[in-house]
Amino acid sequence: MLDDVALQDCFHHVDWEMFRIASANNIDEYADSVCEFIRTCVEDVVPIATIKTFPNQKPWIDGSIRVELKARTTAFNQGKVSGNMTEYKQRSYSLRKAIKQAKRQYRDKVESQFNGSDTRGMWQGLQSITDYRKKPSPVTDQDVLLPGRLNNFSARFEDNTVPLTRPATKTCGLSFTAAEVSKTFKRVNPRKAAGPDGIPSRALRACADQLAGVFTDIFNQSLYQSAVPTCFKRATIVPVPKKAKVTELNDYRPVALTSVIMKCFERLVKDHITSTLPDTLDPLQVAYRPNRSTDDAISTTLHTALTHLDKRNTYVRMLFIDYSSAFNTIVPSKLVIKLETLGLDPALCNWVLDFLTGRPQVVRVGNNISSPLILNTGAPQGCVLSPLLYSLFTHDCVATHASNSIIKFADDTTVVGLITNNDETAYREEVRALGVWCQENNLTLNVNKTKEMIVDFRKQQREHPPIHIDGTVVERVASFKFLGIHITDKLNWSTHTDSIVKKAQQRLFNLRRLKKFGLSPKALTNFYRCTIESILAGCITAWYGNCTALNRKALQRVVRSAQRITGGKLPALQDTYTTRCYRKAIKIIKDINHPSHCLFTPLSSRRRGQYRCIKAGTERLKNSFYLKAIRLLNSHH
């Protein structure tokens with residue numbers, strides 16, 4: 001383990017000022033020398049231990065059981081020679097007894113972690129017992145050329161014609177205090193891997209007070225000069241397979257391993273940028289914002305469609321957009337222009353430009369590492385600022401026609417076209433305008449993965465002509481997995497409930513294994529709530545209201561099965577749905593900037609706490625989330 005006290009004492013007596021003087025205020029030299037010194041101190045103080053593990057080794061198998069295993073094997077070999085298996089039977093009995101005792105002790109350990117609120121230790125124990133969520137096998141390093149190919153592939157969006165420098169502005173007025181930096185360091189997860197600079201997160205957290213002063217100076221110098229030290233911008237890409245069988249380079253997700261120190265710096269800058277943005281900014285971008293979730297995106301999409309379908313001679317077209325490597329296509333020079341438009345300090349915009357350009361990047365696959373490339377386009381997946389910068393880069397992607405909506409959750413974009421009297425002019429113009437916007441902003445539409453769904457409940461339906469993007473026909477589908485929810489062109493939920501019931505029933509096997517292991521009902525219930533109920537109740541406010549009685553019975557059967565296994569009372573899904581609807585409605589009412597806040601209209605002062613009901617001509621609309629939430633609110637008063 002890291003000797004925290006020795007490391008703190010080491011850093012406490014350092015004269016950090018000498019690093020700044022020696023660098024002559026060169027931000028790169030200053031940060032490099034400080035990081036190199038810290039890394040050397042950590043290497044000198046931290047003991048190195050090598051632990052050998054096996055993939056099939058259970059945590060309750062200790063040295064004494066291995067001795068019993070060896071003794072049983074020896075007895076078996078001797079018995080085969082002599083013909084007398086008495087010793088082997090005795091050794092087998094002793095081994096079974098030892099394993100039972102070890103399992104009992106491990107179970108008690110997991111129970112004590114549950115009672116002592118050590119949730120991490122408890123979950124590790126439960127996962128070891130059930131083999132739940134085994135880590136995917138890492139990418140093999142047999143192909144020595146793979147890292148280089150992946151690195152070149154990730155740099156395919158580079159645009160060398162875009163200017164990378166901007167005119168100098170007055171110095172940035174943003175600065176941080178040592179207390180703010182120390183607080184951020186202390187919030188670092190000590191189990192996160194170190195970045196390319198080799199400074200472990202545990203050392204940063206343990207020595208937050210000792211290191212806050214020098215890094216506060218580096219951070220403020222970086223902001224003052226609108227320049228990010230190169231050692232903070234380095235990234236090591238670790239490719240993670242998107243699916244079990246990889247057939248092409250695009251089947252890898254390029255996750256960037258970056259400096260932990262830079263992540264803390266980014267977090268401070270992110271908080272500042274967020275605090276300066278207008279609350280009304282792009283209300284239909286529901287990702288990376290407080291009091292927003294996938295529930296909001298799904299509920300807003302469904303309410304928009306259902307409200308329109310309540311009228312005569314109407315239908316809805318939904319276009320589910322897929323971008324090719326959206327984060328990797330951000331053009332920094334275009335981004336900073338948009339940031340300035342939003343009112344950010346021009347000097348801070350220059351700092352963001354420097355942060356996103358001149359980024360050295362390598363790809364590591366096993367023991368093989370590619371040659372470095374310098375990237376000037378995109379935002380690395382794994383950086384703290386990247387999601388926020390992407391949402392700001394796309395904030396001006398909004399509907400141009402009142403009959404259309406563009407609903408976004410990060411890079412998941414949905415165009416909802418409300419068609420009346422078969423007039424699709426506005427919808428088709430919207431799709432064309434979106435294609436133009438993508439071209440202007442360097443975003444690539446993946447037409448093969450972009451799908452369209454048409455919801456039309458009219459008795460006399462016409463043939464719907466397809467949508468074309470870049471000359472390619474967009475495939476029309478009857479069902480689409482939208483933010484984890486299976487939505488169909490009939491707006492029924494049988495496909496979704498069948499999917500989650502099947503998945504939840506598979507998880508019941510793990511619950512039975514824990515029961516067989518002898519865990520208490522409390523621990524079993526906790527496992528159920530986190531791994532099974534979370535599946536059954538995912539975004540439940542958006543879809544459960546329109547489920548058929550058959551769908552609800554299938555869902556409740558899973559709950560009853562889990563209840564028999566745990567031996568304790570579990571909440572019915574209907575109760576979970578009602579509770580979540582009410583809580584979500586209260587949150588929306590309190591958030592005046594929520595896109596659905598306007599749907600909750602208070603009645604006169606004489607009827608305080610009551611809200612105006614939304615008219616509904618169909619059961620589909622009547623049973624949807626917002627109408628159900630208003631009825632619940634009114635029934636509580």
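Structural remarks
- Just so you know, in the stretch 24-46 the residues that are assigned to a helix (DSSP H, G or I) and either at positive phi or among the polar types (S, T, N, Q) (or both) include one that is surrounded by the fewest Cβ atoms within 10 Å (Cβ to Cβ), and it is 40.
- When residues in the stretch 562-618 are screened for being closer than 25 Å to residue 521 by Cα, open to solvent by 50 Å² or more (accessible area, probe 1.4 Å) and touching a Leu at 6+ places or on another chain (Cβ under 7 Å), 1 of them pass.
- Residue in the stretch 391-399 that is more than 27 Å from residue 145 (Cα to Cα) and among the hydroxyl-bearing types (Ser, Thr, Tyr) present: yes
- From the options 301, 274, 341, residue that is hydroxyl-bearing (Ser, Thr, Tyr), at pLDDT 95 or above and more than 19 Å from residue 443 (Cα to Cα): 301
- Hey, residue 521 closer than 27 Å to residue 117 by Cα and without any contact (Cβ under 8 Å) to a residue 40 or more places away in the chain or not: no
- Within the stretch 429-449, not a single residue is farther than 26 Å from residue 332 by Cα, modelled with pLDDT of 95 or more, open to solvent by 10 Å² or more (accessible area, probe 1.4 Å) and touching a strand residue (DSSP E or B) at 6+ places or on another chain (Cβ under 8 Å).
- The one condition in (1) modelled with pLDDT under 90; (2) open to solvent by 60 Å² or more (accessible area, probe 1.4 Å) that residue 155 fails to fulfil: (2)
- Pairs, first under 15 Å from residue 12 (Cβ atoms) and touching a residue at least 24 places away in the same chain (Cβ under 8 Å) in the stretch 29-45, second surrounded by fewer than 16 Cβ atoms within 10 Å (Cβ to Cβ) and not basic (Lys, Arg), C-beta under 6 Å, six or more apart: 45/3; 45/6
- Residue in the stretch 121-141 that is modelled with the lowest pLDDT, counting only those that are more than 24 Å from the chain's Cα centre (by Cα) and open to solvent by 50 Å² or more (accessible area, probe 1.4 Å): 141
- Residue in the stretch 253-270 that is nearest to residue 28 (Cα to Cα), counting only those that are open to solvent by 10 Å² or more (accessible area, probe 1.4 Å) and not in a helix (DSSP H, G or I): 257
- The sole residue among 516, 459, 553 that is surrounded by fewer than 19 Cβ atoms within 10 Å (Cβ to Cβ) and not in a helix (DSSP H, G or I) is 459.
- Scanning the stretch 481-501 for residues that are under 24 Å from the mean Cα position of the chain (by Cα), outside any strand (DSSP E or B) and free of Cβ contacts under 8 Å to residues at least 40 places away in the same chain turns up just one, 499.
- If only residues of the stretch 355-381 that are farther than 19 Å from residue 444 by Cβ and open to solvent by 40 Å² or more (accessible area, probe 1.4 Å) are counted, the one that is nearest to the chain's Cα centre (by Cα) is 364.
- Filter result (under 22 Å from the mean Cα position of the chain (by Cα), of a type in the set (A, V, I, L, M, F, W, C) and crowded, with 17+ Cβ neighbours inside 10 Å) within the stretch 519-533: 527, 532
- One residue from 538, 545 being open to solvent by less than 30 Å² (accessible area, probe 1.4 Å), in a loop (DSSP other than H, G, I, E, B) and within 27 Å of residue 454 (Cα to Cα): 538
- Checklist (1) farther than 26 Å from residue 514 by Cβ; (2) assigned to a helix (DSSP H, G or I); (3) among the polar types (S, T, N, Q) applied to residue 105, failing item: (1)
- Selection status of residue 402, in contact with a helix residue (DSSP H, G or I) (Cβ under 9 Å, 6 or more places away or on another chain), open to solvent by 40 Å² or more (accessible area, probe 1.4 Å) and within 17 Å of residue 595 (Cα to Cα): yes
- Meets criteria (open to solvent by 10 Å² or more (accessible area, probe 1.4 Å), at pLDDT 90 or above and among the hydroxyl-bearing types (Ser, Thr, Tyr)) for residue 307: yes
- Pair list, Cβ < 6 Å and 6+ apart or interchain, from the stretch 338-361 residues that are farther than 9 Å from residue 376 by Cα to residues that are basic (Lys, Arg) and open to solvent by 10 Å² or more (accessible area, probe 1.4 Å): 350/166; 360/234
- The set of residues in the stretch 51-83 being outside any helix (DSSP H, G or I) and on the phi < 0 side of the Ramachandran plot consists of 51, 52, 53, 54, 55, 56, 57, 58, 59, 60, 61, 62.
- Leading residue by the ranking (farthest from residue 390 (Cα to Cα)) among those in the stretch 278-301 that are of a type in the set (Ser, Thr, Tyr) and open to solvent by 40 Å² or more (accessible area, probe 1.4 Å): 280
- Pairs are defined by a Cβ separation below 6 Å, a sequence spacing of at least 6 or placement on different chains, a first member in the stretch 317-332 that is touching a residue at least 12 places away in the same chain (Cβ under 8 Å), and a second member that is part of a strand (DSSP E or B) and β-branched (Val, Ile, Thr); the pairs so defined are 317/454; 318/416; 319/415; 320/414; 321/413.
- Evaluation of residue 232 against (1) part of a helix (DSSP H, G or I); (2) touching a residue at least 12 places away in the same chain (Cβ under 8 Å); (3) open to solvent by 10 Å² or more (accessible area, probe 1.4 Å); (4) under 28 Å from residue 175 (Cα atoms) (one fails), failing number: (3)
The values are calculated or read from the model by the stated rules, or taken from the named source; none is laboratory data. The shown structure was predicted, so the numbers you read here are calculated from the model rather than taken from an experiment. Quick reminder, even Gly has a Cβ in these numbers, built from the backbone with ideal geometry, and neighbours come from all protein chains shown. Only protein heavy atoms, including side chains, enter the accessible area calculation; ligands, DNA and RNA are left aside. Shrake-Rupley method; radii C 1.70, N 1.55, O 1.52, S 1.80 Å.
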